[in-house]
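I have placed the structure first, in the form of C-alpha cells, so that the comments after it can refer back to it.
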Amino acid sequence: MSATVLHRPGDSPVHRLPPEVKVVGAFAAVLCVVATPREAFWAFGLHLVVLLAVWAVVRVPLGWYARRALIEVPFVLLAFVLPFTGGAPRTDVLGVSVSVDGALAGWNILAKGTLGVLVSLTLAATTHPRDLVVGLQRLRAPRLLTTIASLMLRYAEVIAAEARRMRTARVCRGHDPRFLWQAAATARGIGVLFLRSYERGERVHLAMLARGWTGAMPVPPSPGAGPWRWLAGVTPALVTALVCGTALWTT
Amino acid sequence: MDDVTAALLVKDLEFSYPDGHRALAGVDLRVEPGERVAVLGPNGAGKTTLVLHLNGVLTGTRGQVEVAGVPVRKRTLKEIRRRVGVVFQDPDDQLFMPTVAEDVAFGPRNFGVPEADVPARVREALSAVGMEAHADRSPMHLSGGQRRRVALATVLACDPDILVLDEPSSNLEPLARRELAELLLGLGRTMLMVSHDLPYALQLCPRSVLIDRGVVVADRPTRDLLADRDLLAAHRLELPWGFRLD
C-alpha cells in the first residue's frame, strides 16, 4: 500500500487493526484528553506515556511525527502569548510578570492541542486514507460525507496535477509573478481550475450513473473486527479515559 | 430484419438542451446483435448526446430508445444501464475509486451482483484487458493506455450486452491505440464507437453512421462512407493526410 504525506505503511499490530477500531480509539482518546482538567498536569504526562507506548508498537520514528506536528505552530505561538496578555491575578516567573489564568489557558491549548495532533498523526500514520473512509463507512458515518471524502481522495491528486500543468504552461509563456499585483494570472488560473473541476464533477457523476450509481457508495463486506481486536484497539483509549476520570475526580 | 430483436433501436429521437440548443433532431438507428458500428460526425454533431440517451442519462423530448427490446424508461433504467456499458472519453472521469480493483467492483456491486461473485468478476474483467497485475494500484499512477484499459474493464465487469465507446483512441500513443483495437476486436461484443478517428473506425467497425446537426445523414459500410470525400467534406470530416480509400 503506497505512502502518502500522512500515511506510513508498515506491518505493526496497530497497522493491522481494522480501521473502524482505530477511528473509535483515536476519537475517544482525543475526547478524554480534551475533557482532562487543565490543572491536572500529571494526567497529561500519563496521556503522553500511553501515546509513547502506542508509538513503541507502531515503530514510526519520532522525527516523523515531529515534522508533521509543525502544523500546530500557530496555536503554540498563541499559547505562548496568553500568559503575558491575560488579566489578574498575576505572578512573577523569573522576574517576568505573567497572568495565572493566561498561563493555564496557554498550557491548556499547548497540552491538549499537541496531544490531539499527535493522536491524529498516529491514526493517519497507521491507516491508509482509503481505509479511513472504509472505517467511517463501517461505523455508519453519513453516506454523503464518506462519498465526498472518497471522491476527494481520488480527485485531489488529479486537480493538483492539473494545477501544476496550468502553472507550467503559464511559466512557459514568460509568467513570473513576484509581487502581489502580478498575481492576476494565477488568480484567473485558480478560477479556471474551479470551473474545470466543476465540469469534471458533472462528467464523473454521469459516468457513475452509467454504472448504476443510485446515491450510495457500495461498501465492501467486512468480516467484523471481533471483540478481542476491539479490546486491543481501544485499550489505550480506555487507559486515557481512566486517567481523565481520576483527574476529574481528584481536581 | 425486424423479426430479430435489435441490440439497439433508436426511433426518431429528439433532444434539446435547456438553453434551447437542439442537439438531436430525429435520430433513427438500428444495431443488430454482434454488430460493430462507428458513429462519426464533426464536433457538436450530437454524438455524445446520443450516447447519453442510450443508457437513459438523458431523456429525449421525443422518440424512443430500446435496448434488446427493453424500452428506456424510468422503471427500466437499472436494467438498461447494466445492458449498455458506456466507456467515457476521459478515463479520469470514469475511474474515481482509490484502487483499480475497487473501481472495477463499483458497477457489479451497484447492479446487485452477489458479493461472493464480485472478486471473480473483477479478476475476469481485469484479465480481459491485461491489467490484473495492477488491481491494487491507484488509477492515478497508471499510464494513459492503462487507464483506458481499466476504464474498459470497469464496464466489462458489468457484463453489458452492448459496449458504447466515446472516442476510445483519443490521447493514446500508437502502440496503446493498436493494443486497444486488438483488445476490442477480441471481445466479440456488440459495439457502438463514437469517434473522430476515421482510420480507427475503419479498423474496428464494418459499418458507420454519420451524424451531423442531430440527424443521421449517412449509414453505410465504413469503407464506402470514408471513400466518399465529398460527403466527408460536407460534414467537416476528412481522412488524415496520406490516407485515400477512393
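Every number here is computed from the coordinates shown, using simple stated rules; none is lab data. In this text the structure is predicted, and so the values were computed from the model without any measurement. Backbone-built Cβ (ideal geometry, glycine too); neighbour counts: all protein chains shown.
Total lysine pairs in the protein assembly as shown at Cα distances under 23 Å, for residues eight or more apart or on different chains: 6.
By the Stokes-Einstein formula, at 1.567 mPa s and 4 °C, the stretch A:1-95 with its Kirkwood radius over alpha-carbon pairs has D equal to 78 µm²/s.
Using 0.36 nm per residue and subtracting the Cα-Cα separation, the extra length available between B:Arg229 and B:Thr59 on full extension is 57.8 nm. Return the tail of the calculated pair distribution for the stretch A:39-131, meaning the percent of Cα-Cα pairs more than 19 Å apart. It works out to 51 percent of all Cα pairs. Rounded to the nearest Hz, the phi-derived 3J(HN,Hα) couplings of the stretch B:33-46 under the Karplus curve 6.51 cos²θ - 1.76 cosθ + 1.60 (θ = phi - 60°) are x, x, 6, 10, 10, 9, 9, 10, x, x, 4, x, 6, x, where x marks glycine and proline. Residues whose amide H falls under 5 Å from that of B:Leu58, counting only those 5 or more places apart or on a different chain, are B:His53, with hydrogens built in the peptide plane.
Taking the longest Cα principal axis of chain A as reference, the axis of helix A:184-210 is set at about 80 degrees. Across the protein assembly as shown, Cα-Cα distances exceeding 30 Å account for 60% of all pairs. A simple spin-label model places the labels of A:Leu78 and B:His141 3.7 nm from each other, with each point 7 Å out along Cα-to-Cβ.
Look at the Cα gyration tensor of the stretch B:123-169: its axes a ≥ b ≥ c give a/c of at least 1.5 with a/b at or below b/c, and that counts as oblate.
The per residue volume of the convex hull around the alpha-carbon atoms of the stretch B:16-92 is 129 Å³. Here chain B carries DSSP beta bridges of which approximately 55% are antiparallel, counting only pairs with both residues inside. Helix content alone sets the calculated 222 nm mean residue ellipticity of chain B: runs of n ≥ 4 DSSP H residues at -39500 (n - 2.57) each, divided across all residues, give -10000 deg cm²/dmol. Here the gap between B:Glu14 and B:Arg236, fully extended at 0.36 nm per residue and compared with their Cα-Cα distance, gives a gain of 77.7 nm. Shown here is the pair-distance distribution of chain A: with all Cα-Cα distances grouped in 5 Å bins from zero up to the longest one, the shares run 1, 5, 10, 12, 12, 13, 12, 11, 10, 8, 5, 2, 1, 0, 0 percent.
Sorted from greatest to least, the principal axis extents spanned by the alpha carbons of the stretch B:8-234 come out as 48, 42, 33 Å.
For B:Val215, the amide hydrogen comes within under 5 Å of the amide hydrogens of B:Ala25, counting only partners 5 or more places away or on other chains and with H modelled in the peptide plane. The reciprocal of the average 1/r between distinct C-alpha atoms defines the Kirkwood hydrodynamic radius, which for the stretch A:140-210 equals 14.2 Å.
For the stretch A:114-239, the convex hull drawn through the C-alpha positions has a volume of 168 cubic angstrom per residue.
Using only Cα atoms, locate the centre of the stretch A:1-54 and the centre of the stretch B:204-234, then give the distance between them in Å, rounded to an integer. Here the answer is 65 Å between Cα centres. Run the numbers on chain B and let me know its relative contact order in percent, using alpha-carbon pairs under 8 Å that are six or more apart. Result for chain B is 26 percent. Only DSSP H runs of four or more residues enter the estimate; each adds -39500 (n - 2.57), and after division by the residues of chain A the mean residue ellipticity at 222 nm equals -24000 deg cm²/dmol. Calculated FRET efficiency, A:Val96 to A:Arg178, Cβ-Cβ distance, R0 = 35 Å: about 0.25 to the nearest 0.05.
Here's the picture: charge each Lys and Arg Cβ at +1 and each Asp and Glu Cβ at -1 in the stretch B:8-234, and of B:Gly26, B:Gly46, B:Leu204 the one pushed furthest to the positive end of that dipole is B:Gly26. The string of couplings for the stretch B:23-29 from the Karplus curve (6.51, -1.76, 1.60, θ = phi - 60°) is 7, 10, 10, x, 8, 10, 7 Hz, one whole number per residue in order, with x for Gly and Pro.
Within the stretch B:76-167, none of the trypsin sites (Lys or Arg not before Pro) combine a DSSP coil assignment with at most 10 other C-beta atoms in a 10 angstrom radius.
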